[in-house]
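**Student:** Dropping the structure in here first, questions after.
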Amino acid sequence: MTQGGSEAPGGAAGIYRELMSGSFTVLAHTADTAIEVSADSLAELFEWAAVGMFSLMYDLDSLAPAHQVDVVVAASDVAELLVDLLAELLYVSEANDLVPCTFHVEALTPVEARIRVGATPMEAAALEGPPIKAVTYHDLSVTELPDGRWSARVVFDV
C-alpha cells in the first residue's frame, strides 16, 4: 500500500493531505510492520510518518478532526526524535481515546519537535488493522537525500 500527496482521498483529513507533498509505503516484515516515508522536507517527513503509522490502524481519510492536541518532544538526534514523536502520538491516542488524523509540524529542529494534531474520538473510528504496541529502533533510519528530500524507515511492534 502506498499513499501520497497526488491521490485525492475523501474526508477532511484527505483534503488536508492533498496540500502535502510526500508519501509512505507499508513494508512486509516478520512479526512487525514497517513503513518507508519520503518527503520534500523534514517537517513533512514527520507528518507523513505519523499519517503512515495511524493509517496502519485506521482509515484516516474517513475521519474529521474534532479535537486539537499539541505535542512537544525532544531527543538527542533526528532519528530518535522521530521515534519519540511517534511514540508520544501513540500514547496521546491511547491515553485520551483519540484517533489522530491530521498532523502539522509547527516547529522543528533536529532535536525538538512541536506538532499540532487533529483527532477524532476513538469510538467514531473503526480499527482496521492490528493495533500498534510500540515504535521501535529496529532498522530505524532518517536520511537527507542528495536532492534535499528526506527519507525514513520506521518499524512498529504490532
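The values are calculated or read from the model by the stated rules, or taken from the named source; none is laboratory data. Note that the coordinates shown come from a computational prediction; the quantities given were computed from them, not determined experimentally. Ideal geometry is used to build each Cβ from the backbone, glycine not excepted, and the neighbour counts take in all protein chains shown.
**Student:** Identify all residues within segment 72-88 that are out of contact with any Pro (no Cβ under 6 Å at 6 or more places or on another chain) and either aromatic (Phe, Trp, Tyr) or within 22 Å of Ser21 (Cα to Cα) (or both); write none if there are none.
**Tutor:** Correct list: Ala79, Leu81, Leu82, Val83, Leu85, Leu86.
**Student:** Shifting gears a bit: Within segment 94-129, can you find the residues that are more than 12 Å from the chain's Cα centre (by Cα) and hydroxyl-bearing (Ser, Thr, Tyr)?
**Tutor:** Thr109, Thr120
**Student:** Okay, next question. Any idea which of Ile115, Ile132 is among the aliphatic types (A, V, I, L, M), over 25 Å from Ser41 (Cα atoms), out of contact with any Ser or Thr (no Cβ under 6 Å at 6 or more places or on another chain) and modelled with pLDDT of 95 or more?
**Tutor:** The unique qualifying residue is Ile132.
**Student:** A further question on this structure: How many residues are surrounded by fewer than 17 Cβ atoms within 10 Å (Cβ to Cβ) and either over 21 Å from Pro131 (Cβ atoms) or aliphatic (A, V, I, L, M) (or both) if we restrict to segment 88-103?
**Tutor:** So the answer is 2.
**Student:** OK, next. Anything in segment 131-158 that is surrounded by fewer than 17 Cβ atoms within 10 Å (Cβ to Cβ) and aromatic (Phe, Trp, Tyr)? List them, or say none.
**Tutor:** Scanning segment 131-158 gives a single hit, Tyr137.
**Student:** Filter segment 125-158 down to residues that are part of a strand (DSSP E or B) and hydrophobic (A, V, I, L, M, F, W, C) and give me whichever is farthest from Ala87 (Cα to Cα).
**Tutor:** From segment 125-158, those part of a strand (DSSP E or B) are 134-135, 141-144, 150-157; that's our starting set.
Within this subset, residues satisfying the condition of being hydrophobic (A, V, I, L, M, F, W, C) are 134-135, 142, 150, 152, 154-156.
Values: Ala134: 7, Val135: 6, Val142: 16, Trp150: 20, Ala152: 16, Val154: 11, Val155: 12, Phe156: 10 Å.
Once the filter is applied, the top-ranked residue is Trp150.
**Student:** Across segment 1-29, what is the total count of residues that are hydroxyl-bearing (Ser, Thr, Tyr), outside any strand (DSSP E or B) and at pLDDT 65 or above? Break it down into steps so the answer makes sense when it comes.
**Tutor:** Within segment 1-29, the first condition is being hydroxyl-bearing (Ser, Thr, Tyr), and the residues that meet it are 2, 6, 16, 21, 23, 25.
Subsequent filtering for residues that are outside any strand (DSSP E or B) retains 6, 16, 21.
Within this subset, residues satisfying the condition of being at pLDDT 65 or above are 21.
Number of matching residues: 1.
**Student:** Restricting to segment 56-104, count the residues that are on the phi > 0 side of the Ramachandran plot and among the β-branched types (Val, Ile, Thr).
**Tutor:** 0
**Student:** Could you please give the count of residues in segment 74-108 that are more than 14 Å from Glu47 (Cα to Cα) and assigned to a strand (DSSP E or B)?
**Tutor:** Total satisfying the criteria: 3.
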